[in-house]
Amino acid sequence: MQFGVGCGYINKLDFVVQAENLGFDFAWFPDTHLIRSNIWATMAAAALQTKKMRLGSGLAIPGLRLAPVAANGIATINRLAPGRCFFGTGTGNTAMRSMGQKPMKVAEFEKYLRTVKSLLAGEEVGYELNGVTHPIKFQSLELGYVDIEHHIPLMVGAFGPKAQSLAGEIGDGLITGIPRGGSIPSALANVKRGLDKAGRRAENFQTYALVNMLLLKKGETLRSDRVIRLIGPSIMANVHYLVDFVAETGRPPPDYVMPIWEEYMAYHMAKQAETRQQEMHAAHYSHLGPDEARFITPEMIQNFCIAGHPEEVIEQLRTLEAQGLDAIVFNTPVDTMYQQIDDFSRRVISKM
């Protein structure tokens, strides 16, 4: 099992350096432009301050930039950290919804993935923009302004069956979430359909998952104030995602959110319609609003999280590894981020 951290703050890059020193394998950088630092500036700075850990976009959002621009971005970072970069991309949720926009549709996402993949492979590809299709490729590579000689894995962010199948068909790996993306076996079954469709093998295919992680202290319970403060932001980020999912698809919410669903929706809908969406996503993985703490119950923690004392967490991670999960990454509240990765390194990574 490999372990990663997420960092969206250019003023906290010492957090990434600390993670590298603690034995974390990779860091990823979010593309939520209205609530985090610019992804490419932050990754470039991290590339210059780290030596061995892998760096990737988690996740780059297609709706925010053209495919050739995204390919240039990660290839430029790869020039600073050759062979240490991966390109993670998804259809977009928080980044798009914070502007009142919807994520990219899967059919359009497929075209985006194929364009980025071809460019990073040094190939020429027919690129359509504004109704015009034109052949494009990286040019003047001898000038060294990007690095596509060292392979940049294409990691496809996918939480539903269609996108997970697309990861198998096109990508070098899958980035999913627990529990949002379903179980690891079900996600990999969807990936296999894509692999079979493309006639590909899964030899080097990697599966990453964003998880909600909580380590309990000796004698601590799921009702403690510290527990609620630490895990609350991650749980609510998932609840916020489901609010949009249910509204757009008309499908019922999953069972794991039902204990609070009606109460939360009443709370959410009572806000002013004009700013409701913006307010909901503002605390994305960073802090817990005082009015939302009441939704963090022991049952919700168990439904949403890998939680428990170190030996219990290790057992859960080993089960996921046996199911085919290769790596996990978790986000931490800003005010405890340094302490949490130190605890996790000492109490979990060192014992795996």
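Shape class of the stretch 192-252 from the alpha-carbon gyration tensor: oblate, with a/c at 1.5 or above and b/c at least as large as a/b. Net charge in the neighbourhood of residue 282 (other residues with Cβ under 13 Å of its Cβ; Lys, Arg +1, Asp, Glu -1) is +1. Farthest towards the positive end of the charge dipole of the chain, among the residues 338, 43, 178, is the Cα of 43, using unit charges on the Cβ of Lys, Arg, Asp and Glu.
Counting beta carbons within 10 Å around each of 255, 172, 342, 31 and listing the fewest first gives the order 255, 342, 172, 31. Summarising the strand pairing of the chain, around 15 percent of its internal DSSP beta bridges are antiparallel. If you fit an axis through the alpha-carbon atoms of helix 225-249 and take the longest principal axis of the Cα set of the chain, what angle between them do you get, 0 to 90°, nearest 10? Relative to the chain, helix 225-249 is tipped by roughly 60 degrees. Toward the positive end of the charge dipole of the chain, with +1 on the Cβ of Lys and Arg and -1 on the Cβ of Asp and Glu, the farthest Cα among 168, 302, 188 is that of 168. Derived scalar couplings between HN and Hα for the stretch 27-38 equal 10, 10, 10, x, 10, 9, 5, 8, 10, 9, 5, 4 Hz in order, rounded to whole Hz, by the Karplus curve 6.51 cos²θ - 1.76 cosθ + 1.60 (θ = phi - 60°), x for Gly and Pro.
Taking amide H as placed 1.01 Å from N in the peptide plane, the amide H of residue 148 sits under 5 Å from none that are at least 5 places away or on another chain. In this structure the amide hydrogen of residue 305, modeled in the peptide plane, comes within under 5 Å of no amide hydrogen from residues 5 or more places off or on another chain. In terms of packing, defined here as the mean over residues of other Cβ atoms within 10 angstrom, the peptides 61-67, 46-52 line up highest first as 61-67, 46-52.
A dipole drawn for the chain from +1 and -1 charges on Cβ atoms has a positive end, and of 316, 101, 204 the residue lying farthest that way is 204. If you fit an axis through the alpha-carbon atoms of helix 67-80 and take the longest principal axis of the Cα set of the chain, what angle between them do you get, 0 to 90°, nearest 10? Taking the Cα atoms of the chain, the angle to 67-80 is about 90 degrees. Pairs of lysines in the stretch 1-122 whose Cα atoms sit within less than 29 Å of one another amount to 7, provided the residues are eight or more positions apart or on different chains. Shape of the stretch 164-271 from its Cα gyration tensor (a ≥ b ≥ c, root eigenvalues): rounded if a/c is under 1.5, otherwise prolate when a/b > b/c, or oblate? Oblate. Working note: 222 nm ellipticity from helices only, DSSP H runs with n ≥ 4, each -39,500 (n - 2.57), summed and divided by the residues of the chain, gives -13000 deg cm²/dmol to the nearest 500.
In this structure the amide hydrogen of residue 2, modeled in the peptide plane, comes within under 5 Å of the amide hydrogens of 327, 328, none closer than 5 places in sequence on its chain.
Under a point-charge model restricted to the Cβ atoms of Lys and Arg (+1) and Asp and Glu (-1), what is the dipole moment magnitude of the chain relative to its Cα centre, in debye to the nearest 20?
With Lys and Arg at +1 and Asp and Glu at -1, about 220 debye.
Under the criterion of Cα pairs below 8 Å and six or more residues apart, the relative contact order for the chain equals 18 percent.
Rule-based calculations on the coordinates, nothing more; no lab input. Predicted model only: the values in this text are computed from it and were never measured. All Cβ positions, glycine included, derive from the backbone under ideal geometry; neighbour counts span all protein chains shown.
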